[in-house]
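The values are calculated or read from the model by the stated rules, or taken from the named source; none is laboratory data. If you're wondering where the values come from, they're calculated on a predicted model, not measured in any experiment. All Cβ positions, even for glycine, are placed from backbone atoms using ideal geometry, and neighbour counts span all protein chains on display.
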Amino acid sequence: MARMSRRSFLRWIAIQAGAITSARILTACGKADDQRQAAPPPDKSTLTLTPEQVPPSPELTPTPEPSATPEPTPTLSYPDLAVVRAGEPEQLVRTALAALGGMGRFVNSGDDVIIKPNICVAYHTYEYASTTNPWVVGALVKLCWEAGAGRVRVMDYPFGGTSERAYIRSGIQDQVLAAGGMMEMISSFKFVRTEIPEAVDLRVCDIYDDVLAADVVINVPIAKHHGLARLTLGMKNLMGVIKDRPAMHRNLGQRLADLTSRIRPALTIVDAVRILRDNGPAGGNLNDVQKIDTLIASPDIVAADSYAATLFGLRPEHLRYVVAGTEMGLGRSDLDGMKIEEITLGA
């Protein structure tokens, strides 16, 4: 056998070593393959991946949390009528309006407001109960300003004497001016021929234009006796804004209801601080006057008149204009079915 050189021998050793190493690697790979083939499938419930092995997930819009069911807005419930007793006139007014939800319920910011008291004659002071109590009217002017009114005017169309004299003699002008209001003389040139669509009898009437145009009309009668209508209350007080009052006396009850359907005061305040029990509407005898320090307030003129009738021992059905107003749907006269808040101050 030929002898190998040293260099050839070393090369042969290297080749043999490489072969042995390769064989071991191949054997190891084969065993690994066998193990992988023989191993049971991994339990997916316990499979744990490293962060590098987790495939990127598509961006998802997060599902918003369900919002809580909003609380229902409570429905405010006001009385149909507020009756306040045993206080000074301004106390009576403020308490009655608070019970109805405040003047802000009726007068909005910037509103043009007309207050219509009863200033029917120029020859009696308020003590005779033929004209509305001055402090009741002054308190209403204050409340209108407090509610944000843009303008507050007070007016009537007297049948006995001039407006200028009646405004002063009644004491109403002083209280209105002190409260920042304005007394307006009703001009005969500002009555406008007006159709009354809902009327049963009085289809057309000359009505004071500013009353028709006002944002808010507040009706403030004094409760008193009347020879023809039995009582002068809220609906009867509206005759002070029309031109031809004698024409109303034929079928008076129905025509008062017809007129009311066109004017629709936002609020009726019946002044019963003093009431005139007899010889109305002008009065003149203090023996006919009873001081009962009461005030009735309602957005429903028929309801206000219905309750005021009871101060004289009458029922709503005893007043023809209340019956007609109820039949026309202008308001309610069922006192037993109304929500009435009666308050006695200082009790």
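List of remarks:
- Criterion violated by Ile186 - all others in (1) at pLDDT 95 or above; (2) part of a loop (DSSP other than H, G, I, E, B) satisfied: (1)
- Residue list for the stretch 247-273, restricted to those being in contact with a strand residue (DSSP E or B) (Cβ under 6 Å, 6 or more places away or on another chain) and in a loop (DSSP other than H, G, I, E, B): Pro265, Ala266
- Val137 being closer than 20 Å to Pro281 by Cα, touching a residue at least 24 places away in the same chain (Cβ under 8 Å) and either assigned to a helix (DSSP H, G or I) or basic (Lys, Arg) (or both): yes
- Here the stretch 256-279 is the region considered, the condition is being surrounded by fewer than 23 Cβ atoms within 10 Å (Cβ to Cβ) and in contact with a Gly (Cβ under 9 Å, 6 or more places away or on another chain), and the residue that is nearest to Val121 (Cα to Cα) is Asn279.
- Answer residue from the stretch 155-204, given it is among the acidic types (Asp, Glu) and surrounded by fewer than 19 Cβ atoms within 10 Å (Cβ to Cβ) and is nearest to the chain's Cα centre (by Cα) among those: Glu198
- From the list Asp210, Asp201, the one residue that fits, being out of contact with any Leu (no Cβ under 9 Å at 6 or more places or on another chain), assigned to a helix (DSSP H, G or I) and acidic (Asp, Glu), is Asp210.
- Taking the stretch 143-154 as the range and being surrounded by 21 or more Cβ atoms within 10 Å (Cβ to Cβ) and part of a helix (DSSP H, G or I) as the test, the residues that pass are Leu143, Cys144.
- Filter result for Asp244 (assigned to a loop (DSSP other than H, G, I, E, B) and either in contact (Cβ under 8 Å) with a residue 12 or more places away in the chain or closer than 27 Å to Thr125 by Cβ (or both)): yes
- Some residue of the stretch 319-328 being in a loop (DSSP other than H, G, I, E, B) and aromatic (Phe, Trp, Tyr): no
- Of all residues making up the stretch 178-220, the number that are of a type in the set (A, V, I, L, M), in contact (Cβ under 8 Å) with a residue 60 or more places away in the chain and farther than 27 Å from Ala139 by Cβ: 3
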